[in-house]
Amino acid sequence: MSEYGPPERVYVENEWFDGPRAGIADVQGAPHRFKALYDDTENQSLGTFFVWPVDEITVELEQEQWRIFAAWNVLYEAGEATAESHPAYGGKSARWDEIEGLLKASRAVVPQIARRALAKLSHIDAEVRYPASGPAYTLSWRVL
């Protein structure tokens, strides 16, 4: 079985539950969507991900939506925004909602070309919890 590769950039995180569960990160040097596999009967992550390549437009849209979230989070952590004002609730940010519509299908469907992989997380020191440049961690991948 192959070893883990070097730490690679995480562009966005779409889901977090005891660790990253979905988002976009470099896998072997190229942007890929990653999505955790779950055991529905146990309602828990299996520690394995599906990974598949994504195009540049998808990465740009995901990053734009991440920046909207990061800007909201700065206000939230400063006490200037409420949890109810989170852009993901819909109707809070027209651009967020537009991007959400454009990305919904690519987030939901795991294509046949997806590979399975394991990931190892390494934190990056950051001044803010969610930097506009992306999550404050890298992922090292072991493609199965």
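Things worth noting here:
- From ALA78, ALA114, residue being buried (at least 16 other Cβ atoms within 10 Å of the Cβ), more than 14 Å from the chain's Cα centre (by Cα) and among the hydrophobic types (A, V, I, L, M, F, W, C): ALA114
- Test: residue in segment 99-106 that is touching a strand residue (DSSP E or B) at 6+ places or on another chain (Cβ under 8 Å) and closer than 19 Å to ARG142 by Cα: no
- Total residues in segment 54-74, condition part of a helix (DSSP H, G or I) and touching a helix residue (DSSP H, G or I) at 6+ places or on another chain (Cβ under 8 Å): 8
- Candidate set: segment 91-109, residues that are of a type in the set (A, V, I, L, M) and at pLDDT 95 or above; chosen: the one farthest from GLY47 (Cα to Cα): ALA94
- All positions within segment 81-97 that are in a helix (DSSP H, G or I) and either among the polar types (S, T, N, Q) or exposed (fewer than 13 other Cβ atoms within 10 Å of the Cβ) (or both): ALA83, GLU84, SER85, TYR89, ALA94, ARG95
The values are calculated or read from the model by the stated rules, or taken from the named source; none is laboratory data. In this text, all values refer to a predicted model and were calculated from it rather than measured experimentally. Reconstructed Cβ throughout: ideal geometry from the backbone, glycine too, with neighbour counts over all protein chains shown.
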